[in-house]
Structure formats: structure tokens, C-alpha cells
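The values are calculated or read from the model by the stated rules, or taken from the named source; none is laboratory data. All values derive from a computational prediction rather than experimental measurement. Glycine also receives a Cβ, built like all others from the backbone with ideal geometry; neighbour counts cover every protein chain displayed. For accessibility, only protein heavy atoms count, side chains too; no ligands or nucleic acids. Shrake-Rupley method; radii C 1.70, N 1.55, O 1.52, S 1.80 Å.
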Amino acid sequence: MVASKLPISPLIKEYGKQHSKAYHAIYRAIERYDRIVVFRHIKPDFDAMGTQMGLVTFLKDNFPNKEIHFVGDNHVSFTPRLFPETEKLGNDFFEDRNFLAIVVDVGDKDRIADPRFVKAKYKVKIDHHPCKAEIAKTATVCDLDMAAASELVCDLLLNWKGKFISPEAARYFYIGLVGDSGRFLFSSTSPHTFAVAQALLDTGFDMRKTYLDMYEKSIDSLRSLAYVLSNFKVSEHGVAYYTLPASVQTQLHITPELGKEHVNTFSNIEGINAWCSITEDPNPKDYCWRISIRSKEVNISGVANKWGGGGHDLASGARIDRIEDLDAFIADLDALFVPAQ
Ligand code: AMP
């Protein structure tokens, strides 16, 4: 039984056929384990939390006798508005290693929001990030061309005969899909992305209310946008950037998690090739300036890797430990856009 009434798109069926070996390994693992924990990346975004909660809801709906958990850090403003508070799962649960870890929307081990995934007897990974060190060798599906991790997880679930995606699960997955595809604007958006969106919308969840929950802004957010627009700089070859020192965050009533909120303000500006937010994170345990980098068409992930981060070709994260390094970081990005002689 599928909550969606439309037949599954041939694009989804075809993709499922191409990945049937990995998909079957994942189905078997889910069927085999009675205790399952779903993990995702630290500092979650719409896709990390949407994919995690969509999958958790799907598993609870379709396997009511299994014990399903979700762990990780909360987002400063997503919970409880868009997603429930993350569970506080005690260490006693992990003493019995007979459980399945499903890791979504993260490739690298050190970015998984709860290190206890290592204790799982079996691990599954479903992701769309480049990966330096593989977590799960046996049951992995990773596709860098997917607009969102939720797009890939939905493809897997829609190809699973006899199971259904409820409107509640669909709403979570849709949040991930819309979030990571930039509302279907980014170049990663494909016919397959729309096929998944169609199947999710067909479950009948309230799309208008979901958009409101995702994008409604506070007056403080408007004031921080005004600050960004009055203080951004542009490098010689078209890198736009703004810095948010801790003192400014205090004035604007924002926390470091919200520093990147307005980064895409620069996405459609003529002559701007890449854009970034640089936000001071005064956390004494890990002091740094967090950087979110976005690019129109040139791959910026190499620069992100060099500066302590990583991510996708056109959307990556990085960091500098001292503001004195900012000029060198911007120079590295700027160098990507020097016109060929
Ligand atoms: P952000 O700027 O934090 O929104 O990150 C943009 C994209 O890059 C997201 O898909 C992140 O998961 C990814 N990303 C951010 N920081 C890192 C990192 N240190 N290593 C690998 N991927 C990252």
C-alpha cells in the first residue's frame, strides 16, 4: 500500500533498477534488525533533518514492532517548529551492539552528529556528498548528482514494494528536497527531483503550511539582512562576502548558526561568481570563523577542503581559525575566477 495514489514515475523505477543490488542489501538490513538508529550530520540543515525524520517516520509507520531512534544536535530554530527535538538516547542503549545504524546525508565519519554509530553491528549509508573515508562498505548508496539526500532516500523507499510513505513522512522529505535544491533552483535539480516531489505532494500534506514553516522570517532576520546588504565586500574577480563578528551577532540578536542565513542573497547578481558568509563562532571549545561558500558554476570544493572543510561543487563549508587568515582565504577563492589569458 502506497499513500501516494499516482503510479510511481518510470524515472524512479529505472533508477531503482540500476541500484537494485545496494537497495536490496539495505532492505534486508532493515528487515533483519529490530533496533534501528538513524544518524545524520552535525549542524543540521533542512535536508539533514528532513531526511532523518522522514526515514524515522517511514520506519515507524511500516515497522510498528521495531524500536526506531534518531540522534544528533538540534538546530537553533528548526526545533520544535519544523522537527521534533532530537532524542536523548542513553549509553545503555548502545551497550547491546545488536542494532542497525542508518547514516543519511553525510559522507565523512567525523561529521556524523553522534559518534556512537560505530557501535552498530551493521551500518547503512545513503548520501549525496563526496566522501573521504567510507563508513559502510556493504550497504551504501551515494550519488553526488542527487539534489538532496532526501531525493535518494525517497527513491529507495518508493521502489520498496508493499510499503508506504505517509503524509507526515512526505512532509519531512519534502523539506529536505526543497531545502537542498534551493527551491528547485540549483543545477542539481533534475527531472528525477520533480518525480520525487510529485510522489511526495501526492500524499496530500499541506504544502503551503510547510513553506510557511520553512521560510517565515522574524523582524530580527530582516535587520540582519539589512546589515549584510550594508556591509558586504566584493573581491577583484567577483567573490562577494560578509563577516559577522560575535559583537555584531549580539547586536542583531542572532547566533553563529544563523550567520549563513542570507548567503544566497548574492546568487543572482551579475558579476558575482561566488559568495560566502564568514561568521565568528566564539565557542571556547572550538573557536573559529565558520564559512559557507556558494558558487554560480565553478567548483569551489577544493578551496573548502584546503580550508578545513568540504562539501559539494557549488555549496561547501570551511573555516578559518583567525580573522587574519581571511584575506588569504578570499584570495584562494578569487584565484578561481581570474579570466584565462
Ligand atoms: P553549509 O555552508 O554549512 O551549509 O555547508 C554546505 C554543504 O557543505 C553542506 O552540504 C554541508 O553538509 C557541506 N559541508 C559543510 N562543511 C563541511 C565539512 N567540513 N566537510 C564536508 N562537508 C561539509
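Given the -39500 (n - 2.57) contribution per DSSP H run of 4+ residues, what per-residue ellipticity at 222 nm results for the chain, rounded to the nearest 500 deg cm²/dmol?
-11000 deg cm²/dmol
Restricting attention to the alpha-carbon atoms of the stretch 170-259, what are Rg (one decimal) and Dmax (integer), both in Å?
17.2, 49
With a 1.4 Å probe and every protein chain left in place, work out the accessible area per residue of the stretch 221-335 in Å², rounded to a whole number.
Heavy-atom SASA per residue in the stretch 221-335 reads 49 Å².
Let me spell out the model: positive unit charges on the Cβ of Lys and Arg, negative unit charges on the Cβ of Asp and Glu, origin at the Cα centre of the chain. What dipole size does that give, in debye rounded to 20?
Values: 40 positive and 45 negative charges, 221 e Å.
Computed charge dipole of the chain: roughly 1060 debye.
I'd like the accessible area for R290, computed on protein heavy atoms only with a 1.4 Å probe and all protein chains in place. Round to 10 Å², please.
Near enough 50 Å² of accessible area.
Taking K and R as +1 and D and E as -1, what net charge do the other residues with C-beta under 13 Å from the C-beta of Q249 add up to?
Cβ neighbours under 13 Å give a net charge of -2.
Tell me the accessible surface of F232 in square angstrom (1.4 angstrom probe, heavy atoms of protein chains only), to the nearest ten.
Ignoring ligands and nucleic acids, F232 comes out at about 80 Å².
Describe numerically, in nm with one decimal, the distance between label points set 7 Å from Cα along Cα→Cβ at Y211 and at K88.
Those two pseudo-labels are separated by 3.8 nm.
Which parts of the stretch 257-273 would a label at N231 reach, counting a residue when its backbone N lies under 18 Å from a point 7 Å out along Cα-to-Cβ?
257-266
Quick check on the chain: of the DSSP beta bridges with both residues there, what percent are antiparallel, nearest 5%?
Given both bridge residues lie in the chain, the antiparallel proportion sits at roughly 45 percent.
Could you compute the net charge surrounding K88? Neighbours are other residues with a C-beta less than 14 Å from the C-beta of K88; K and R count +1, D and E count -1.
Local charge sum for K88: -4.
How large is the Kirkwood hydrodynamic radius of the chain, counting all unique pairs of alpha carbons, in Å?
20.9 Å is the Kirkwood radius here.
How much accessible area does M53 have with a 1.4 Å probe, in Å² rounded to the nearest 10?
The accessible area of M53 comes to roughly 10 Å².
For the stretch 1-142, report the translational diffusion coefficient in µm²/s to the nearest whole number, using Stokes-Einstein at 20 °C, 1.002 mPa s, and a Kirkwood Rh over Cα pairs. Show your work: numbers first, answer last.
Numbers: Rh = 15.9 Å.
Reported coefficient: 135 µm²/s.
With the convex hull built on the Cα atoms of the stretch 301-341, state its orientation-averaged projected area in nm².
Values: hull surface 12.4 nm².
Approximately 3.1 nm², given one-decimal rounding.
Roughly speaking, to the nearest percent, how much of the chain's 1.4 Å accessible area is carbon and sulfur?
On the way: 8610 of 16040 Å².
Carbon with sulfur: 54 percent of the solvent-accessible area.
For the stretch 221-335, what class follows from the C-alpha gyration tensor (a ≥ b ≥ c being the square roots of its eigenvalues): rounded when a/c is under 1.5, otherwise prolate if a/b is larger than b/c, else oblate?
Cα axes put the stretch 221-335 in the oblate bin.
Can you give me the Rg/Rh ratio for the stretch 210-278, using Cα atoms for both radii and the Kirkwood formula for Rh? Kindly include the intermediate steps, with their values, before the conclusion.
Working: Rg = 12.7 Å, Rh = 12.8 Å.
Reported Rg/Rh (Cα atoms, Kirkwood Rh): 0.99.
Against the longest alpha carbon principal axis of the chain, how many degrees, from 0 to 90 and to the nearest 10, is the axis of helix 219-231 turned?
The answer is roughly 40 degrees.
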